[in-house]
1. I'd like the per residue volume of the convex hull spanned by the Cα atoms of segment 218-310, given in cubic angstrom.
2. Show the residues, 5+ positions off or on another chain, whose built amide H is closer than 5 Å to the amide H of R123.
3. According to the square roots a ≥ b ≥ c of the eigenvalues of the Cα gyration tensor, what is the shape class of segment 69-198, taking rounded for a/c under 1.5, prolate for a/b larger than b/c otherwise, and oblate for the remainder?
4. Report the charge-dipole magnitude of the chain in Debye, nearest 20, computed about the Cα centre from +1 at each Lys and Arg Cβ and -1 at each Asp and Glu Cβ.
5. Summing +1 for each Lys or Arg and -1 for each Asp or Glu, what net charge is found among the other residues whose Cβ lies under 14 Å from the Cβ of V257?
6. Considering only DSSP beta bridges whose two residues both sit in the chain, what percent are antiparallel, to the nearest 5?
7. State the extension gain, in nm to one decimal, for the chain segment bounded by A59 and A354, taking 0.36 nm per residue of separation less the distance between their alpha-carbons.
8. In a Debye calculation with equal point scatterers on the alpha-carbon sites of segment 354-433 and no solvent, what is log10 I(q)/I(0) at q = 0.16, 0.25 Å⁻¹?
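The values are calculated or read from the model by the stated rules, or taken from the named source; none is laboratory data. Please read all numbers here as calculations on a predicted model, not as lab measurements. Positions of Cβ are backbone-derived with ideal geometry, glycine not excepted, and every protein chain shown enters the neighbour counts. For accessibility, only protein heavy atoms count, side chains too; no ligands or nucleic acids. Shrake-Rupley method; radii C 1.70, N 1.55, O 1.52, S 1.80 Å.
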Amino acid sequence: MAEIAPFRAVLYDPARAGSLDQLLAPPYDVVSETERARLAAKSPYNFVRLDLPEGDGDAKYANAARELSRWLEQGVLRRDDRPAMYRYHQRFAVDGKEFTRKGFVCRVRLRRYEERVVLPHERTLSGPRLDRLKLTRACRAYLSQVFSLYADPSHRVDAEFAAVESQAPDVEGRTDDGTVHRGWRLTDPAAQRRIASALADAKLYIADGHHRYETMLAVRDELRPQARSPRSAVEYGSMFLTSMEDPGLVVLPTHRVVHGLRGFDIDAFVQRLRTRFDVEELRAAATEALRSRLASAGRKSPSFVLAGAARTFLLSLRPGQESAIAGAEPLRKLDVAVLHLLILEELLGIDRAAQERQTNLRYVKDFALALEEARRSDVQAVFLLNPTAVTQMKAVVDAGEIMPQKTTYFFPKLASGLLVDPIEPKEEVVEGT
């Protein structure tokens with residue numbers, strides 16, 4: 001059972017902090033050192049100063065906590081007086097087409113994965129988990145949200161936000177990627193209860209933020225002794241929820257770049273691929289034509305484009321070869337699982353430990369940039385993928401399987417700095433149902 005509830009978020013006060021355009025930041029895990037410096041220079045209150053604090057070693061976490069406390073004392077950040085569910089729109093463009101992704105931010109009772117209420121779809125890394133845990137401990141707040149999906153074919157939840165969406169947004173800002181972020185407060189308790197009821201039997205599928213969710217579980221366990229009741233705020237995490245049926249839900253692929261392998265030979269590698277794949281060498285083609293050819297092949301069988309040594313190949317898994325993959329049927333038909341298990345691990349020897357360390361593997365999100373990587377002298381092969389469909393992700397998770405890292409890229413990322421959720425063990429969460 002998914003239990004969701006409203007909460008009193010901490011938000012920027014534009015009268016003191018300035019425009020959200022100068023304050024919002026991308027999530028911590030996509031911000032480079034150069035990008036961090038540029039964001040911090042935009043405003044003394046840009047959120048990157050909290051989400052990626054400066055300092056040596058663990059001192060940076062204490063620095064973030066002091067900065068958060070100072071902003072609250074100055075009124076740069078203020079906590080809402082009334083519990084709300086926060087409607088959140090993101091307006092963005094992909095390949096020249098406009099989209100608006102719609103969802104909402106709320107509190108969600110934390111459940112361990114084995115309880116099969118909140119479900120993961122990708123493996124995680126220990127380093128990012130520890131970093132987020134130390135930052136959350138120091139700040140006693142969830143600085144950003146876990147992005148999760150739910151099924152709602154009748155759009156019952158979206159209908160409850162129609163009235164607030166007809167009004168001007170309470171908050172609005174633009175991030176540097178051109179995405180416009182808009183938010184509204186839904187404070188009507190009756191509407192909140194109807195939303196909670198509509199999702200009471202739902203499963204929540206983590207789309208992005210696995211490390212943050214596992215951090216929330218660890219924080220809950222640490223702070224439970226300080227709680228007064230089972231409805232303590234420590235029992236809940238902060239989530240952005242959107243329906244799988246939302247027309248603005250866009251999933252992009254993440255391509256794989258293989259490098260640093262000793263003795264790699266493209267001809268010998270292609271010959272080994274032919275034992276499981278139909279291999280077709282392609283003539284030079286424009287990027288969009290190549291993407292279209294890959295999409296067409298992917299509708300019939302798990303397929304990839306292999307680029308390397310100034311040559312390009314289309315690989316399609318032969319019928320029956322998916323049986324070589326251990327696991328449930330949905331996993332065996334998943335492009336990225338086929339790539340990782342039958343090519344990266346079986347043929348190239350890049351095991352899961354090497355994948356985590358990115359010893360011989362790195363990731364590129366842009367199709368054209370991935371093709372450019374194939375021209376580098378230190379790169380042996382680039383694998384270009386089709387996007388993973390949400391229906392595929394759901395089928396794999398429902399079967400109890402986990403996908404390789406970076407299987408999905410839900411675009412755009414949620415903005416950091418729109419909402420902060422304080423963690424106060426003695427605070428009781430408002431009844432959601």
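1. Once divided by residue count, the hull of segment 218-310 is 233 Å³.
2. M403, Q405
3. Rounded is the answer for segment 69-198, as its axis ratio a/c remains below 1.5.
4. Charge dipole of the chain: 140 debye, to the nearest 20.
5. My count for the surroundings of V257 gives +2.
6. DSSP beta bridges in the chain are roughly 90 percent antiparallel.
7. Result: 103.2 nm gained on full extension.
8. Summing over Cα pairs of segment 354-433 leads to -0.91, -1.21.
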